[in-house]
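Worksheet for the structure shown next.
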Amino acid sequence: MAIRGRRKAIAMDLRSWMIVSETGEFVIEDLDKHSIMRRTGLPARDLRVLDPTLLYPSSIIRREKSIVVNLEHIKAIITSNQMLIINSSSPFFILFLQDLQARIPRSNNVEKLTSNDNDNDDHKQLPFEFKALETCIESACACLEYENQRLEEEAYPALDELASQISTLNLERVRHIKNRLVALSGRAHKVTHQLENLLDDDYDMAEMYLTRKFDDSLIDQTSLRKGYSLAIDEDLYDSDESNTFQYRFYESKPDVEELEMLLEAYFAQINGILQRLSSLSEYVDDTEDHINIMLDDKRNQLLQVSIIFSTMSVIVNAGIVVVGLFGMNVHIDLFDGQPDHQFWATVGGTFSGCVLLFIVSIWWGKKRYILSQ
C-alpha cells in the first residue's frame with residue numbers, strides 16, 4: 001500500500017516540461033519534482049514558485065547553478081546549457097517559443113562562423129543563459145505593452161464618454177477599466193522591482209553568469225595557484241604591492257557589464273510602460289474630479305430648486321390663511337351687501353401680496369448668495 005501510494009504521488013508530481021538546449025533543440029519530457037531538483041540543483045521551495053496552480057508574483061531568482069524565472073506567462077529554469085519551460089495556454093507563450101527558437105540557433109551559428117573575426121556585437125558575446133533570460137524578459141515586456149495598449153484604446157474613449165454623459169452603463173465600464181489598470185500597474189511594478197533589485201547588486205548579477213562559473217569550476221584552482229607562486233620572483237612580488245592592491249580592488253567589483261546593459265534596456269522599457277499607466281491613472285483621477293464637480297453642481301441646482309419650492313409653499317400657505325379667515329363661520333361686515341369689487345379687490349390683493357413676497361424672497365436669496373445669480 002505504501003509503495004502504491006508513493007507511485008501515485010510521483011505520478012501526480014509529473015509535469016510536462018519543454019527542454020531547450022544551447023544548440024536550439026526542443027524536447028518535451030515528463031519530469032517529476034525530484035528529477036528537476038537533481039538536474040538543476042534547486043530546492044523544493046523554488047519549484048513552488050513555478051507551480052501554475054499557485055499565484056506567485058513575478059520574480060527572477062538566482063541560484064548556484066540555475067536561474068528561476070517567473071514572469072507573466074513564462075515559468076522557466078535556466079542553466080548554463082539548457083532551459084526548462086512549463087507549457088502555458090497564453091497566446092504570448094507561442095510567440096515566446098518562436099522567438100526563442102529563432103534566436104538561439106541563429107546566435108550560435110553566427111558565433112561559429114565569426115569565431116576568428118574581431119566582432120564586438122553584444123548579442124554574439126552573450127552566453128546561453130543570458131540569451132534565454134533576455135527572451136523571457138522581452139516576452140514579458142511585450143505582454144505588458146500589448147495589454148497596456150489595449151487598455152488605453154478602451155479607457156480614453158470610455159472616460160470621455162463618461163465625462164459627457166453620466167450613466168450607470170458608463171460608470172460600470174469605467175469601473176472595470178480602473179480595476180484592470182490597477183492590476184496591470186501592479187504586475188508591471190513587480191517586474192520593475194525584480195530588475196531594479198538585480199541592477200542594484202553587482203554580486204547578484206555576477207552569480208547569474210552560469211557559463212563563466214561552470215568554466216571556472218573545470219579549472220584546478222589549487223594547481224594554478226601553486227604554479228603561479230613558483231613562477232613569481234619573491235623580490236618582484238614585494239615591490240609590486242601597489243599593483244596587487246589594484247588587482248584586489250578590481251576583483252572586489254565583478255565584471256557584469258553585459259548583463260547590466262541587458263537589464264537596463266528592459267528596465268527602461270518597463271518604466272516607459274509604467275509612465276503610460278501613470279498618465280492613464282491621472283486621466284482617470286481627473287475624470288473622477290470632473291464628474292464630482294458636475295455632480296456637486298447638479299446637487300446645488302437641486303438644492304436651489306428645493307429652496308424655491310419651499311418658499312413658494314410658505315407663500316401659498318400665507319394665501320391659504322387669508323382664504324381660511326374668509327371661510328370661517330364668523331360674521332364679517334364685508335359680506336353685508338357690499339359691492340362685488342371689494343371681493344375681487346381682496347382676492348387680487350392677496351394674490352399680489354403672495355407674488356410680491358415670492359419676488360422679494362428670490363431677490364433676498366440671490367443677494368445672500370443662497371441662490372445662483
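The values are calculated or read from the model by the stated rules, or taken from the named source; none is laboratory data. Remember, predicted model here, so these are calculated numbers, not experimental data. When we count neighbours, we look across all protein chains shown, and the Cβ atoms used for this are built from the backbone with ideal geometry, even at glycine. Quick note on the areas: whole protein, heavy atoms, side chains included, nothing else; ligands and nucleic acids left out. Shrake-Rupley method; radii C 1.70, N 1.55, O 1.52, S 1.80 Å.
May I ask you to list the residues in segment 76-119 that are part of a helix (DSSP H, G or I), open to solvent by less than 90 Å² (accessible area, probe 1.4 Å) and modelled with pLDDT under 85?
A102, R103, I104, P105, S107, N108, N109, V110, E111 - these are the residues of segment 76-119 that are part of a helix (DSSP H, G or I), open to solvent by less than 90 Å² (accessible area, probe 1.4 Å) and modelled with pLDDT under 85.
It is to be established whether one or more residues within segment 181-188 are at pLDDT 65 or above, under 30 Å from D286 (Cα atoms), open to solvent by 90 Å² or more (accessible area, probe 1.4 Å) and not hydroxyl-bearing (S, T, Y). Full working, then the answer.
Pass one, segment 181-188, residues at pLDDT 65 or above: 181-188.
Still in the running and under 30 Å from D286 (Cα atoms): 181-188.
Keeping just the survivors that are open to solvent by 90 Å² or more (accessible area, probe 1.4 Å) gives 182.
After this cut, where a residue has to be not hydroxyl-bearing (S, T, Y) as well, the list is 182.
There is at least one residue in segment 181-188 that is at pLDDT 65 or above, under 30 Å from D286 (Cα atoms), open to solvent by 90 Å² or more (accessible area, probe 1.4 Å) and not hydroxyl-bearing (S, T, Y).
Looking only at segment 279-308, filter to residues that are more than 15 Å from E161 (Cα to Cα) and surrounded by 12 or more Cβ atoms within 10 Å (Cβ to Cβ); which one of those is farthest from the chain's Cα centre (by Cα)?
I308
Tally up the residues in segment 135-153 that are open to solvent by 40 Å² or more (accessible area, probe 1.4 Å) and more than 14 Å from L181 (Cα to Cα), please.
Result for segment 135-153: 2.
Give segment 50-60 a look and list any residue that's free of Cβ contacts under 8 Å to residues at least 60 places away in the same chain and crowded, with 17+ Cβ neighbours inside 10 Å, or say none. Break it down into steps so the answer makes sense when it comes.
Residues of segment 50-60 that are free of Cβ contacts under 8 Å to residues at least 60 places away in the same chain, as a first pass: 50-56.
Once the filter is applied, which keeps residues that are free of Cβ contacts under 8 Å to residues at least 60 places away in the same chain and crowded, with 17+ Cβ neighbours inside 10 Å, segment 50-60 yields only L50.
Can you tell me which residue within segment 1-28, out of those that are closer than 15 Å to Q82 by Cβ and open to solvent by less than 60 Å² (accessible area, probe 1.4 Å), is modelled with the lowest pLDDT?
Among residues in segment 1-28 that are closer than 15 Å to Q82 by Cβ and open to solvent by less than 60 Å² (accessible area, probe 1.4 Å), the one modelled with the lowest pLDDT is G24.
Kindly list, by first and then second residue, each pair from a residue in segment 297-317 that is without any contact (Cβ under 8 Å) to a residue 24 or more places away in the chain to a residue that is open to solvent by 80 Å² or more (accessible area, probe 1.4 Å), limited to pairs with Cβ atoms under 6 Å and residues at least 6 apart or on different chains.
Close Cβ pairs satisfying both conditions: none exist.
Would you pick out the residues in segment 309-321 that are closer than 12 Å to L357 by Cα and either open to solvent by less than 70 Å² (accessible area, probe 1.4 Å) or basic (K, R) (or both)?
Those that are closer than 12 Å to L357 by Cα and either open to solvent by less than 70 Å² (accessible area, probe 1.4 Å) or basic (K, R) (or both): T311, S313, I315, A318, G319.
Which numbered condition in (1) touching a residue at least 60 places away in the same chain (Cβ under 8 Å); (2) open to solvent by less than 10 Å² (accessible area, probe 1.4 Å); (3) under 21 Å from the mean Cα position of the chain (by Cα) is the only one that N70 fails?
Checking N70 against (1) touching a residue at least 60 places away in the same chain (Cβ under 8 Å); (2) open to solvent by less than 10 Å² (accessible area, probe 1.4 Å); (3) under 21 Å from the mean Cα position of the chain (by Cα), the one that fails is (1).
Would it be correct to say that S58 is farther than 23 Å from R212 by Cα and of a type in the set (S, T, N, Q)?
Values: farther than 23 Å from R212 by Cα: yes; of a type in the set (S, T, N, Q): yes.
In short, yes.
Being part of a loop (DSSP other than H, G, I, E, B), open to solvent by 20 Å² or more (accessible area, probe 1.4 Å) and either of a type in the set (S, T, Y) or in contact with a Ser or Thr (Cβ under 7 Å, 6 or more places away or on another chain) (or both) is the filter here; which residues of segment 31-49 pass it? Can you show your working first?
First pass over segment 31-49, keeping only residues part of a loop (DSSP other than H, G, I, E, B): 32, 41-43.
After this cut, where a residue has to be open to solvent by 20 Å² or more (accessible area, probe 1.4 Å) as well, the list is 32, 41, 43.
Within segment 31-49, just G41 meets the criteria.
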